[in-house]
Structures are given as C-alpha cells and as structure tokens.
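Remarks on the structure that follows.
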Amino acid sequence: MEEPSILDYIKSRLRPQKYPRVELPPEPEAPPAELARKPKPPQAEESPMEVRRLPLKSITALLLALFAQASMGLGDSPFLMVGGVFLMLAAGALTWAAASGEWQAASPRPSAETLDPPVLNLFDLAAGLALLVIAFAAFGGLEFNPLNLGLLLAGLAFIVRAFWVSPSNAPTWQDRLRAMFRLPSWTITINLQTLAGCLAVAAILFFRFYRLGEVPPEMNSDHAEKILDVLHVLNGQHLIFFPTNGGREALIFYLNAALHIWFNIPLGFMLLKLTSVLIGLAALPFLFGLGVELGGRRVAWLATLLAGVAYWPNVVSRFGLRLPFYFLFTAATLYYLARGLRTGKRNDFILAGAALGIGFYGYTPDRILPLVTVIAFGLYLLHHRSMTRLRFVVVSLLAVVAVSLALFLPMLRYGLAQPDAFLFRTLSRIGDVERPLEAPAVWIFLKNTWRALGMFSVDNGEIWPISIPHRPALGVIAGGLFYLGAAALLIRYIKRRNWLDLFLLISIPLLQIPSTLALAFPAENPNLYRAGGAMIPVFLMAGFALDGLINSIQAGIKTPEGARLAWALAVLLLGLAAIQDYQLVFDDYYQQYRMASWNSSEIGAIAKEFAETIGSPDTVWVMGYPHWVDTRLVALNAGFPGRDYELFVQELETTLPDTRAKLFILNKDDQAAADALRQMYPQGWLSFYPSKTPTKDFRLFFVPPQSSEPGSATD
C-alpha cells in the first residue's frame, strides 16, 4: 500500500464519507539529550529561596539553650535566673520552629502489627519453679557452690524454655556463621559512615583509657575494703552478698578476681579501675540500641559519642567501684523493653528479665529498675488499648518477672536470712537508722528531687572523689543539647503520641530516686553515681537534638552545601564538647582529687623500697594519726594486700623484740609520735620527706638493724 499524501489526509478530513480515514503518524520520541534541554514547567521549579532556607529558628533555639546551660553553670542566683529565661526562650523558639515545619525531628520506629502469641509451656514453667524451690533451700549457706548454682541454672533454663518463642523460618546464628565461612571470598567495604563510626569508637576508647593509671591518682578507704573482699573471693569465700562496709553487691568482686586470675593483673587500683571502665563501656552498645529505637542509627551514634567522651560517665567509670553497673543494667533493661514492645517479640523480654535479675548483684540503685519496668509496661498499655495488646503485655511482663526472680533467688535467700545487712545501706539513707531526719520526709524528698533535676546544669553535688564539687553534671554543649532534646521529644510526643517519648522524659526523675531518697543525708544528693541511670535518657535526648538540627539544616538547604554545613556544625559542637570534657576530667577533676586525697601510693612506694632493700615487710609501720592516710592502702601500694601497717604510740613497745631494720612513717604534724620514737630508739634518726603533692609531706623515722649502741636522733 502506497504511503498516503498530504492531499489524501485533507480529503479524508473534508469528505470522510467518500475517502478512507487517514491518521498522521505519531511524533517520534525525543532523544534523552533533547529532553534534558527542555525547560521544566514553571510549577515544577523550586525558587532559590526555598532551596537555600537556613533554619534560623532552630539555630536560635540551639544558641539560647547553650547560653542557658552556660549561665546556669555559673551557680549564682542572678545567673540562674538569666539561664532560666534563656531556657524558656529556647523552648519557645523550638516550638515555633516545629510549628512552622522547620524543625525536622527523627521519626519514631513503627510498631509491629504482629505480636508473638500469648502462650507458654506450662510443663517447663512448673519444672523450672520446682527446681528453683530446691535451689532456694540449697542457698541456705548464703554462699555460691556448684550444687546450688547448678540447680539455679537448670531452673532458669526451664523458665526460659517456657517463654521462649522459636522464630519460624529464620536462620539461627549458627546457620549464619556457617554461611559466612562458606563464602568463596569476603569483601570489605569502607565508606564515609564506616570511617566516622571508627573515629567515634576511637574517641570513646581514648577518653575512657587515656591516663587511666593517673586519673584518679589515689585510692581511698572504699578501695581498701574492695580489695579485702576480692581477697575473700580468691581465698574461697564465695558470698552471695558482702556485708562489710555497709553491705556490697558481689558481682564486682567476682569480676575483679577473674581479671586478676586470667590476666595476672596485680591486686591494686589499676585492677579496680580497669574493671569499672570495662563495665562503663559495656553500657554503650545498649545505649546505642536504645538510640536506634528512639530515632535511628544517627541518633544512636550521636548519643553514644556524647556519652562516651562526657565528664559524668567517664569519672564514675574510672573510680574503680561498682558504680557504673547502674549505667549498664539501666541501658540493657530499657533497650530490651523498648525493642520488645516495638517488635512484639517475647524473647526480648526474657533478655530484659535477665538484665533486671543480674542487676541486683551490681549496684544498690539498680533496685529501682523493677519499678521503672512496670511503669514502662503501663505507659505502653495506655497508648495501645486493645485486648490483643493487653494479653501480649501480661505474658511479656510475666516473662520479665519470672526470669528476673529466678536470677534474684540467691539474693532473696540472703535478704530473708540477713535483712539488716541486706537493707542497711538503703534504710540508713531513707530512715533514721544512723541519724534522725532533719525535716518531714516528704519535704526533704521534694527538695532533693528539685536539686537532683538541677544537677545537669547547676550543681552535681559535693562528693569530691567522684565529681568536681558544685559544677554541672553536663558540659555546655551536652547540657544545651539535652534541654533542647527534652523539648523536642515532648513536641514529638504531642504530635505522634509515641509512648517511648513520654517514658524517656519521666524516666529521668525515676532513675534519680536512689539519689533523691537520701533523706537522712540530704547533702549526699545529688551525686553522679546514685543518679547514674538517668545518664541513659539524658544523652539520648542530647543525641536526638543534634540529629534534629542536622535534619533541619539539610531540609532547609536542599543542596550538597546544606549537608556539608549541617555536618560541619555537628562536628564543631562535638569537638567543643570533647575539649571541655577533656579539660574537666584530665585537668580539673585530676587536680582537685589529687589535692583532696592522701598520697598513699607515694608512702607505699617508700615502704616497698625499704622492704625490698635493707628492711622487711614486717618492719614497716605507719603511725596512726586522725584524718590521715588509710594504712591498709599503704600496705597495698607497697605490694602487700591484706596487711595493715597502722601502729599507735602506746603500741610501740611491741616493736622492740625485732632486731631488723625498722621504718616508721609519720604525719608531718605528729609530734607526739616523733618524741616517743626518739625516746624508745635513740639510735634512730628522723627525716622529712617532701611530697610531690603540696601539703602532703610526711616524715620518716629509720632505726638501723641490730643496733644497741646509744645514739642521738636528729632532724
């Protein structure tokens, strides 16, 4: 058929009844280059002002929050008022930014629609309970032994099996491990995010381990007690609870003993500090996981980095006691609760129960976590009202209770047998066991709560060994971000009604209760360690705020320059926070601790040198003097843990039968001991030892061996 002409087309249009219809061929598609050159329709264009709109309201809110933190940290009343005004203005600016759509907070992770069925294996539950009853009786000796531990673990295994839900069609970790090793080759990809994560981890490790031997520099009497308890463990005394020094949970002593045996770390301050630093670091992965639940991986990284370098958790973790257990078990319990309630997976509640139960062996403030757990379930139910969710929560809470109670069983046995020792530390703070209350308990509690809520920006207390007295618990950057994050989380809750947002906000005063309940000793409130669990939501909110600021800048400036500007500001803020935290920990805290503590390591070094040269460990004494060095620490630093070198003037005659060389160490102001030594050992001589630490000088009185010739003592 011939191709129709233009005339044919015109005829078909003018006289369609006579000529066949002719259609024009379709227009050929334009090549990609032509399409790229075609101008966009006017309605699809974005104006330069819309593309490059700096989020001024959000940045103003940040600056006001930073000014508020800096002002309140000065402590004086006028500055507190100024800081309060700045804080209200910051909240107003952030509300304005959020209402206008400028503030871009991270979205909460959606809850799963499918929940694990509310069923359990009653046979396994009954078997587990029966074994636990037998184990309870076996713990009558109030010590751990292979029999009662075996019964406990067997009962716990049945309890876990009763609640455990096996994932259907999901590969186990063994399957994934085998599949990984079957790969013909492995590919390692390093991108900018991986590099940033490695730098963050390196920064955290630097802040936690840098100058660990020096900061803090000296032990105090609490450390002497801890070393004695570790010696009890090494000597075969496997107590459930250690009643010495007001009562102490046992887990830290078993970890100390394990590190001492496995890695041959000498008994001393470094062993204690290394254990507590590792405990503090162990909390950070759970903080990261909770950050993912709150707003994603970037929120998690920012919160973890801020917490990793911060003065507050760093100082508490370095002190060498069981205090950072409160960080660890709070973070672990809250993470598994949040993940389980979001995903509907019951196995997470088994892990939450395990964290809760083991926490009873960590640090006394962990005893508040059961109350926090119940409130978390209650808030979840208030926001998810359905019979299906109710059944899911009941069985999940039952799993938490069953697992935690199984692990708590030995401690329960001890508490029933020795209630005074088990509860003394708590009762001595909330009641009149040691001293009467200064005012009605409710009034003291309210005042304590108000002071505790001010610890972040005003005053973290006066306990100098584990803080810089009367300064804020947070630096300027972390504190400003925390307040901004708290306001942002409240705004997101009002918009989204996400239960986790409200829970994190109210968890702060809840986790401070171990500090605010110091009713008999209100001067001990606030402090960084009894309120330490609050560190978890505090730094989560700080990371949430910084992430929101990054989002807001990138949303306002939709160009590569916007992303670079956002990250430049974030790096600047993180860098300034790290600089201030470095100054606080390695300069301010170190210097004030050094000046406030006694130089037992320096005195111990003198005793060690004497014992290893012309003397003996048995012929070194430290003359007792009020409010001076702990003589047990002198022996410990000399390399003789378990000894006590204390000697009083009235006991000097007991040293006469020994004819070996003798060394007596005296406080520089102890003239009575100096006179008594001159009289008893006229052949000895007294010398002055200038300390490396100002005001910590001491004196030495040396008696030569087997000397019977009369001599004169000289200065």
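Just so you know, all these numbers are worked out from the coordinates, no wet-lab data involved. Predicted model, so just to flag it, every value in this text is computed and none were measured. Using ideal geometry, Cβ is built from the backbone for each residue, glycine included, and neighbour counts are taken over all protein chains shown.
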Worksheet item: How much length is gained if the chain between Gln592 and Thr114 is pulled fully straight, taking 0.36 nm per residue apart and subtracting their Cα-Cα distance, in nm to one decimal?
Response: 166.5 nm
Worksheet item: Of Thr631, Thr95, Thr333, Thr695, how do they rank once you tally other Cβ atoms within 10 Å and put the fewest first?
Response: Thr695, Thr95, Thr631, Thr333
Worksheet item: Quick one: helix 560-583 against the long Cα principal axis of the chain, what's the angle to the nearest 10°, folded into 0 to 90?
Response: 10
Discussion item. Please report the antiparallel percentage of the DSSP beta bridges confined to the range 600-703, to the nearest 5.
Written reply: 70
Worksheet item: How do 273-286, 636-649, 527-540 rank on mean C-beta neighbours within 10 Å, highest first?
Response: 527-540, 273-286, 636-649
Discussion item. Could you tell me how far the Cα centroid of the range 658-698 sits from the Cα centroid of the range 468-506, in Å?
Written reply: 56
Response to the item:
Tilt, helix 325-343 to longest principal axis of the chain (alpha-carbon atoms), in degrees rounded to tens, equals 20
Worksheet entry | Charge-dipole axis of the range 600-703 as Lys and Arg at +1 and Asp and Glu at -1 on Cβ define it, positive-most pick from Tyr689, Phe640, Ile665 | Tyr689
Worksheet item: Does anything in the range 110-153 have its amide N under 17 Å from the 7 Å Cα→Cβ label point of Thr388, and if so which residues?
Response: 110-119
Fill in: Full-extension gain in nm, Lys447 to Val85, via 0.36 nm per residue minus C-alpha separation
128.1 nm
Item to complete: Output the pairs from Lys273/Lys692; Lys662/Lys696; Lys668/Lys692; Lys608/Lys662 with a Cα-Cα distance over 18 Å in this structure; if there are none, say none.
Response: Lys273/Lys692; Lys662/Lys696
Fill in: the chain: calculated mean residue ellipticity at 222 nm from DSSP helix runs of at least 4, using -39500 (n - 2.57)
-19000 deg cm²/dmol
Item to complete: Please give, to one decimal in nm, the separation of the simple spin-label points placed at Thr659 and Ile506, each 7 Å out from Cα toward the Cβ.
Response: 7.9
Worksheet, complete the sentence: Mean separation of Cα contacts under 8 Å (at least 6 apart) over the residue count of the chain, i.e. the relative contact order in percent, is 15
Worksheet, complete the sentence: Across 5 Å bins beginning at 0, the whole-percent shares of Cα-Cα pair distances in the range 362-420 come to 4, 15, 20, 22, 14, 11, 8, 5, 2
Worksheet entry | Packing-based ranking, highest mean first, of 452-458, 501-507, 411-417 given that Cβ atoms within 10 Å are counted | 452-458, 501-507, 411-417
Worksheet item: Cα-Cα pairs above 20 Å in the range 600-703: how many percent?
Response: 31
Discussion item. Of all beta bridges DSSP finds with both residues in the chain, what is the antiparallel percent, to the nearest 5?
Written reply: 75
Worksheet entry | Between 0 and 90°, nearest 10: helix 476-496 axis offset from the chain longest Cα axis | 50
Discussion item. Taking θ = phi - 60°, what integer Hz values does the Karplus form 6.51 cos²θ - 1.76 cosθ + 1.60 yield along the range 694-703, in sequence order, with x for Gly and Pro?
Written reply: x, 6, 10, 5, 8, 10, 10, 10, 9, 10
Worksheet item: How high is the FRET efficiency from Ser166 to Leu63, r the C-beta distance, R0 56 Å, rounded to 0.05?
Response: 0.60
Worksheet, complete the sentence: Sparse-neighbourhood loop hits (GluC sites (Glu not before Pro), the range 563-634; DSSP loop; Cβ within 10 Å at most 13 others) -> none
Discussion item. Can you give me the distance in nm between label points at Thr194 and Trp567, each placed 7 Å from the Cα along the Cα-to-Cβ direction?
Written reply: 1.6
Worksheet item: Fully extended, how many nm does the chain gain between Leu183 and Gln237 (0.36 nm per residue separation, minus their Cα-Cα distance)?
Response: 14.5 nm
Fill in: Three principal axis lengths of the chain [C-alpha, angstrom, descending]
150, 64, 62
Discussion item. Below 8 Å, C-alpha to C-alpha, sequence gap of six or more: please give me the relative contact order for the range 235-279 in percent.
Written reply: 24
Discussion item. Can you compute the modelled spin-label distance between Asp175 and Gln650, with each label point 7 Å from Cα toward Cβ, in nm?
Written reply: 7.7
Item to complete: Determine, for each peptide in 294-300, 571-577, the mean count of other beta carbons within 10 angstrom over its residues, then list the peptides with the highest first.
Response: 294-300, 571-577
Fill in: Rel. contact order, % - alpha carbon contacts under 8 angstrom, at least six apart, the range 270-388
26
